[in-house]
Amino acid sequence: MKASLEHSHDKEDIRKRLRDGHGSSYLRDAILGGIDGCVTTIAVVASVAGAGLPGMIAFVLGVASLVADALSMGVSNYQAVKSDEEARERLRRQEEKHVDIVPDGEREEIREIFRAKGFSGDALETIVETICADRKLWVDTMIKEEYGLALDGPTAWKAGCATFSVFMGVGALPLLPFLVPYLSGAEYFVASGAVTALALFGIGWVKGWVLDTRRFQAGLETLLMGGGAAAVAFLFGFFLEPMLGDLRLG
C-alpha cells in the first residue's frame, strides 16, 4: 500500500506545479497578529487586575490598546514586507546593470555557483551557456543563488491586512467577558483569562494543524508563552498598585 503523499508526482502534474509556482503564505502574518493581539490585550487586563482596578477600566484600556496596537502592527508588517520587495527590486536592477556592463564577470559568477554545487566539465559549461542565454533567467539565478532571496514573496498590503485583521479579531476575545452583564468583580478577570487561554491554545493548535506538526504541543507552547507575558503584566500591576492611591474603585 502506497503512503499518502502531499501532491502527485505524475510528469504532467510536476510540470504544471513547477510552472505555476507556489502562492504566498500569510500564515506567519496571521499567527503574528493573533498571538500578539491576544497577549497585548490580556496584558492590559492582567495589569489592571493586578492593580485591583474595576473591570470597566480594563475594558476601556483594552479597547484603546487593541485598536492602536493593531494599527501599529499592521503598518509595521506592511513596511517590513515592502522593504523585502524593494530589496529584491534593487538587487534586480543592480544585477541587470552588471550583466550589461561586465557580462564576463557575471558569467564567471554563474560558473562558480554551479561548480560549488558539484558540476564540472561539459555539464558545467552547458549550464552556464543555457542560463546566460536568457537574461531574465540569468538575473533570477543571481538573485536566488548569490543573495539567497526568493524571487516572489507575500504582497505587502495583504500581509499588513492579515496581521491587522487577525490582531483585532483574536485580540478582542479577552475583552468579551466584560460585556457579559451578569459577571462582576473578579469574575470578569477570571473569565477573560479563561477565554485568552483557549484562544492562545487554539492559535497554536491551528498552526500545528497547518504545518502538520504536533498540534497539542504547538498549542501548549503558544499558551505557555502568552500566559507568561500575562503573568508578568499581572505582577507589574500588583507591585505598582500602591502608586494608584484613591483610583482603586473596588
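Every number in this text was worked out from the coordinates using simple rules, so none of it is lab data. Given the structure is predicted, the values throughout are model-derived calculations rather than measurements. Note that we place each Cβ from the backbone using ideal geometry, even for glycine, and neighbour counts take in every protein chain shown.
Tell me which label goes with the value of volume of the Cα convex hull per residue in Å³ computed from the coordinates here: (1) 197; (2) 113; (3) 129. The calculated read-out lines up with (1). Compared with the dominant principal axis of the Cα atoms in the chain, helix 11-20 is inclined by about 70°. About its Cα centre, the chain has a charge dipole of approximately 680 debye under the convention of +1 per Lys or Arg Cβ and -1 per Asp or Glu Cβ, with nothing else charged. Placing unit charges on the Cβ atoms of the charged side chains and taking the dipole of the chain about its Cα centre, the candidate lying farthest along the positive direction among GLY219, ALA70, ILE31 is GLY219.
Each of the peptides 186-195, 112-121, 160-169 was scored by the mean count of other Cβ atoms within 10 Å over its residues; in descending order, highest first, they stand as 160-169, 186-195, 112-121. Were the residues from ARG115 through VAL60 laid out at 0.36 nm apart, the gain over their Cα-Cα distance would be 13.5 nm.
Only lysine pairs 8 or more places apart, or on different chains, with alpha-carbon atoms under 24 angstrom apart are counted in the chain, and they number 15. Label-to-label distance for LEU183 and ASP134 is 5.8 nm, based on points extended 7 Å past Cα in the beta-carbon direction.
Computed from backbone phi, the HN-Hα couplings of segment 106-115 come to 5, 5, 5, 5, 4, 4, 5, 4, 7, 5 Hz, rounded to whole numbers (Karplus: 6.51 cos²θ - 1.76 cosθ + 1.60, θ = phi - 60°; Gly and Pro given as x).
Counting neighbouring beta carbons within 10 Å and listing from fewest to most, the residues GLU221, GLU106 come out as GLU221, GLU106. For segment 148-213 versus segment 111-125, the inter-centroid distance based on Cα atoms is 49 Å.
Seen against the Cα atoms of the chain and their longest principal axis, helix 55-101 is set at about 10 degrees. For the pair ASP100 and ALA231, label points projected 7 Å from Cα toward Cβ lie 6.0 nm apart. Between the Cα long axis of helix 156-171 and the first principal axis of the chain there is an angle of about 20°, rounded to the nearest 10. Working ranking of peptides 59-67, 171-179, 78-86 by packing, defined as the average number of other Cβ atoms within 10 Å per residue, highest first, is 171-179, 59-67, 78-86.
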